[in-house]
Each structure stands twice: as structure tokens, then as C-alpha cells.
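Please read the structure below before turning to the comments.
The values are calculated or read from the model by the stated rules, or taken from the named source; none is laboratory data. Note that the structure is a prediction, hence the values are computed from the model and not measured. Note that we place each Cβ from the backbone using ideal geometry, even for glycine, and neighbour counts take in every protein chain shown. Note: accessible area is taken over every heavy atom of the protein model, side chains too, but ligands, DNA and RNA are not part of it. Shrake-Rupley method; radii C 1.70, N 1.55, O 1.52, S 1.80 Å.
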Amino acid sequence: MAEQKPALVLHLVSGGDPLVFTLRADDVPELRTQLHLHLEHGAVETVHTAEDRAVIVNFAHVAAAYIDDLQRQGKVFGLR
């Protein structure tokens with residue numbers, strides 16, 4: 001089984017291609033549980049990337065956000 005590469009995918013309200021940030025594996029569980037709150041409240045949060053960079057995200061400008069595995073093949077929603 002291939003090593004997982006978790007990433008935060010952000011689709012901005014303004015459209016365009018999504019922004020993709022690789023995540024530190026240790027941060028994924030907490031971010032997964034808090035992500036819906038960040039979106040609901042338009043929070044400004046710092047996300048730490050796998051490259052040890054801090055990215056400050058203003059979720060008020062995000063239409064959709066989810067955590068995905070960059071190693072996953074067949075990236076079609078609803079199919080496994």
C-alpha cells in the first residue's frame with residue numbers, strides 16, 4: 001500500500017483552480033474535526049504544511065474545503 005499524502009483542498013468563492021496544501025500527518029485528525037467550523041464561521045486559521053510552512057487561510061473566502069489523499073488514484077467523487 002502506498003504511503004498516504006494528506007492535503008487540504010480549498011475551492012475559493014471567486015472560482016478558479018483549487019488550492020492544494022500538503023499537510024503534516026499529525027495535524028490531519030484535528031483539522032478534519034474542525035474544518036466544518038472554520039467554514040461555518042469564516043475563521044482565519046493557520047495551517048501547517050508538510051514542508052513546515054505556515055499558511056494563513058481566511059475561510060470566509062472558501063466555498064468548499066476537504067482533506068484528500070494525493071496518492072489516491074481515480075479521483076472521482078462518489079466512486080471507490
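For the chain, what is the mean residue ellipticity at 222 nm derived from helices alone (per DSSP H run of n ≥ 4: -39500 (n - 2.57); sum divided by total residues; nearest 500 deg cm²/dmol)? Walk me through the numbers before you get to the answer.
Values: 1 runs with 14 residues, N = 80.
Only helices count here, giving -5500 deg cm²/dmol.
Under a point spin-label approximation (7 Å from Cα along Cα-to-Cβ), what is the GLN71-GLN4 distance to one decimal in nm?
1.0 nm
For VAL44 and ASP27 in the same chain, what is the full-extension length gain: residue separation times 0.36 nm, less their Cα-Cα distance, in nm?
Between VAL44 and ASP27, full extension yields an extra 4.5 nm.
If you roll a 1.4 Å probe over the chain with all protein chains in place, what percent of the accessible area is carbon or sulfur?
52 percent
Note down the Stokes-Einstein diffusion coefficient of the chain in µm²/s, whole number, using a Kirkwood radius over alpha carbon pairs, 20 °C, and 1.002 mPa s.
So the translational diffusion coefficient is about 162 µm²/s.
Using label points projected 7 Å from each Cα along Cα→Cβ, tell me how many nm separate ASN58 and VAL20, to one decimal.
Simple spin-label model gives 2.6 nm for this pair.
Suppose all protein chains stay in the model; what accessible area per residue would a 1.4 Å probe give for the chain, in Å²? Walk me through the numbers before you get to the answer.
Numbers: 5780 Å² over 80 residues.
Solvent-accessible surface per residue comes out at 72 Å².
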